[in-house]
2 protein chains.
Amino acid sequence: MTALPIHRKSPSVALSERGQLLFKLLVERYIADGEPVGSRTLARDSRLDLSPATIRNVMADLEDLGLIRSPHTSAGRVPTAPGYRLFVDTMMAVREPTATDIERMNADIASQTDLGVLLARTSNMLSEITKLASIVMVPRPDHQSLRQVEFLPLSDNRVLAILVVNEREVQNRIIHTARSYGASELEQAANYLNQAFAGREIDQVREGLVREMANTRAEMDRMMQTAIEMAEKTFVSSRAGDEFVVTGHTNLMAIDELSNIEKLRQVFEAFNQKRDILHLLDQAIGASGVQIFIGEESGYEVLSDYSVVTSTYGTGGRNLGVLGVIGPTRMAYSRVVPLVDLTARMLGAALKSLT
Amino acid sequence: MTALPIHRKSPSVALSERGQLLFKLLVERYIADGEPVGSRTLARDSRLDLSPATIRNVMADLEDLGLIRSPHTSAGRVPTAPGYRLFVDTMMAVREPTATDIERMNADIASQTDLGVLLARTSNMLSEITKLASIVMVPRPDHQSLRQVEFLPLSDNRVLAILVVNEREVQNRIIHTARSYGASELEQAANYLNQAFAGREIDQVREGLVREMANTRAEMDRMMQTAIEMAEKTFVSSRAGDEFVVTGHTNLMAIDELSNIEKLRQVFEAFNQKRDILHLLDQAIGASGVQIFIGEESGYEVLSDYSVVTSTYGTGGRNLGVLGVIGPTRMAYSRVVPLVDLTARMLGAALKSLT
DNA sequence: TCTAGCACTCTACCCTTGGGAGTGCAAAGC
DNA sequence: GCTTTGCACTCCCAAGGGTAGAGTGCTAGA
């Protein structure tokens, strides 16, 4: 076989060209098979026409650099977290999603009109195609602009408030009031609020009300009083907390061939204790584009054998949220990364057309 | 020891009094330990002062009756599905929930105001206390009475419809229209609908509209046209499909000591393919009160090693939905059954105070 | 009708064993 | 100086065999 011109030493970086090649092959092989890769296998895989012994020497170097390790004395080598990191950063060849996948995803996502359903479907689809667990964090509206508000009296001094924010999202809250209000009273209050504050940020609404109160204090008529009272209770501490959609847990069970059930349980538990996962996703929302957290990098011990691939999504220039997948560190990054990217873009587009 | 008066034959039923006693002990023991119960153990447990050999004879009878079986030649006996059935039907002594459990549940459930949160919390709580997976099916409103409707124009010939039904529930839908409508136009249409149909069943609204159309066909003014057009699209095929909340998957993983991971995966998968589970819950909603499905009784093969304990819940006389738990057939029925019952009643009460 | 005794069966566990895979090292080859 | 060969060594894993424990069914005797 044509030996490559391998004698050119790579200048300062510790890794020779040959080392890189073999390392790349090793990672790819391990991702494909899931079993430690030995020198003989690697010798066959590479077209370098080198004996296993030579490969062994290179592998020893790679091990010294902390890129690979052997699970035990006489097993092959597997990539370490830093190894995966190097791989995805400098040598991964992304495999574009197949036309089928794109088609399938498009059909499913584009047709959704309800925000909740859209997110759920997106998560589902991503999970099915990647065969991993998928997370979609719902858009966190940094500013909510009020479009319309309605009040409906319920029994027992309670009022149902319906807010339409950001042009299309509907929120509703039950508020407890000191006395009971009549329907017409509430209607007037809502009318006033709609006229005075429609199109304004919710935060501003609260401020505006306070100002209003100061100005008109004495000569406030009854309607105004009602309006202010209602609005105060309605707009206080809105944010119900970030939510996210998780689908495809079960895919993790299928993959984890070691089926370390206790570990798996802990990961699932983490999904439920949503707060933990949220923090991870928060890290991701800062930078736009695809981000990869390998093993311990995520900062969560339970995820030490798992990697997380995330991408922000949004419309235009704004990041609305984060989505991604969780799977074993040896997931097929070259396939998963473009898929996550694609999904994020599609969701962004779908959201845009929804507005 | 004081031998019980066991010589009285039970009349026609195939099971002697002694057989019943020993069977009950066996089931309780197996539920507690999870391991096949042998004749020696049972001899010690019972205060009957009988030798293991005698117990063996009884056990052989019980096996002939199909109430118990041995996993293999020289293992003890475990209850069969019919065995559990007999146990829960005729000999189970319910253990009332502890004051702590009641207190805890009450605190958590009673304080909720949002329907979605209430259901989620209920499910969570039930799952935590029973240490099983819990399902709460959301109330299926067999009749939805319309309280109020609002329309908001969006871009691209789409209109956001907001429905308030059943006094407090808010639904919103995006509908696509042939042409674009102005805000005032839509407002008039909503006003008309609200006046004409508030308080009526949604089904009736549709019917009423059709009648209206027939009557006024020719002299329909523009406002009416708009109203009818909007309403048609809004009220068609409303039912977004029954939803339910599942929590505590992870508890199943902890219990299934055999950790037959593939089986577990199938069960989880079934949770995701919600339709399957729904059908099971549908069976339960017919009869009110607690129902127990043991193993294959549920009609789902994947659930063959699991039992489902459900109860309907509702306010006043009406059944609104079903909740329950899923766990191994050897769950502690005597504890779980009253807990499911209690939860159902508490949820019913919470819903009542919410309306 | 109950009990004691006994032979039998099956599982779970431990230990050993041998093969296979892979390594590391030293010496020989190009 | 890099590469290869040869070899001893390590470790895992699966298979086999032996043993103890638990429990059974059956039969004969109280």
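Does region A:71-90 hold any residues that are within 30 Å of A:Val290 (Cα to Cα) and within 16 Å of DNA strand D (Cβ to nearest atom), and which are they?
Scanning region A:71-90 gives A:Arg77, A:Val78.
Quick check on region B:286-307. Is at least one of its residues surrounded by 22 or more Cβ atoms within 10 Å (Cβ to Cβ), outside any strand (DSSP E or B), touching a Ser or Thr at 6+ places or on another chain (Cβ under 8 Å) and modelled with pLDDT under 80?
no
I want to confirm something. Restricting to region A:43-52 and keeping residues that are within 12 Å of DNA strand D (Cβ to nearest atom) and under 14 Å from A:Arg18 (Cβ atoms), which single residue is nearest to the chain's Cα centre (by Cα)?
The residue in question is A:Ser46.
Yes or no, residue by residue, for (1) closer than 30 Å to A:Ser353 by Cα; (2) more than 10 Å from DNA strand C (Cβ to nearest atom); (3) more than 14 Å from chain B (Cβ to nearest Cβ):
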site	(1), (2), (3)
A:Gly34	no, yes, yes
A:Asn57	no, no, yes
A:Ile68	no, no, yes
A:Pro82	no, yes, yes
A:Thr90	no, yes, yes
A:Thr98	yes, yes, yes
A:Gly116	yes, yes, no
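Before we move on, is B:Asn124 in a helix (DSSP H, G or I), away from DNA strand C (no atom under 16 Å from the Cβ), closer than 22 Å to B:Arg335 by Cβ and at pLDDT below 90?
Judged against the criteria, B:Asn124 is not a match.
Here are the criteria: (1) in the same structural domain as A:Ala349 (by TED's automatic domain parsing); (2) among the β-branched types (Val, Ile, Thr); (3) within 16 Å of DNA strand D (Cβ to nearest atom). Tell me which single one A:Val117 does not satisfy.
With respect to (1) in the same structural domain as A:Ala349 (by TED's automatic domain parsing); (2) among the β-branched types (Val, Ile, Thr); (3) within 16 Å of DNA strand D (Cβ to nearest atom), A:Val117 is out only on (3).
For the subset of region B:204-223 comprising residues that are modelled with pLDDT of 70 or more and either surrounded by 14 or more Cβ atoms within 10 Å (Cβ to Cβ) or touching a Gly at 6+ places or on another chain (Cβ under 7 Å) (or both), which member is nearest to the other protein chains (Cβ to nearest Cβ)?
So, considering only residues that are modelled with pLDDT of 70 or more and either surrounded by 14 or more Cβ atoms within 10 Å (Cβ to Cβ) or touching a Gly at 6+ places or on another chain (Cβ under 7 Å) (or both), the one nearest to the other protein chains (Cβ to nearest Cβ) is B:Val205.
Which of (1) surrounded by fewer than 18 Cβ atoms within 10 Å (Cβ to Cβ); (2) within 13 Å of DNA strand D (Cβ to nearest atom); (3) not acidic (Asp, Glu) does B:Ile55 not meet, given it meets every other one?
With respect to (1) surrounded by fewer than 18 Cβ atoms within 10 Å (Cβ to Cβ); (2) within 13 Å of DNA strand D (Cβ to nearest atom); (3) not acidic (Asp, Glu), B:Ile55 is out only on (1).
Could you list, in sequence order, all residues of region A:29-42 that are more than 10 Å from DNA strand D (Cβ to nearest atom), in contact with a helix residue (DSSP H, G or I) (Cβ under 8 Å, 6 or more places away or on another chain) and part of a helix (DSSP H, G or I)?
The answer is A:Arg29, A:Ile31, A:Arg40, A:Thr41, A:Leu42.
Condition first: closer than 11 Å to B:Ile202 by Cβ, in contact (Cβ under 8 Å) with a residue 60 or more places away in the chain and facing chain A (nearest Cβ under 8 Å). Now tell me which residues in region B:144-171 satisfy that.
Passing the criteria: none in range.
Could you tell me how many of the residues in region A:71-88 are within 16 Å of A:Gly19 (Cα to Cα) and either free of Cβ contacts under 8 Å to residues at least 24 places away in the same chain or among the acidic types (Asp, Glu) (or both)?
Number satisfying all stated conditions: 2.
Which one of these is surrounded by fewer than 15 Cβ atoms within 10 Å (Cβ to Cβ), of a type in the set (Val, Ile, Thr) and either at pLDDT below 90 or part of a strand (DSSP E or B) (or both): B:Val117, B:Val136, B:Val149?
None of the others qualify; the one that does is B:Val117.
The values are calculated or read from the model by the stated rules, or taken from the named source; none is laboratory data. The model shown is predicted, which means the values in this text are computed figures rather than measured ones. All Cβ positions, glycine included, derive from the backbone under ideal geometry; neighbour counts span all protein chains shown.
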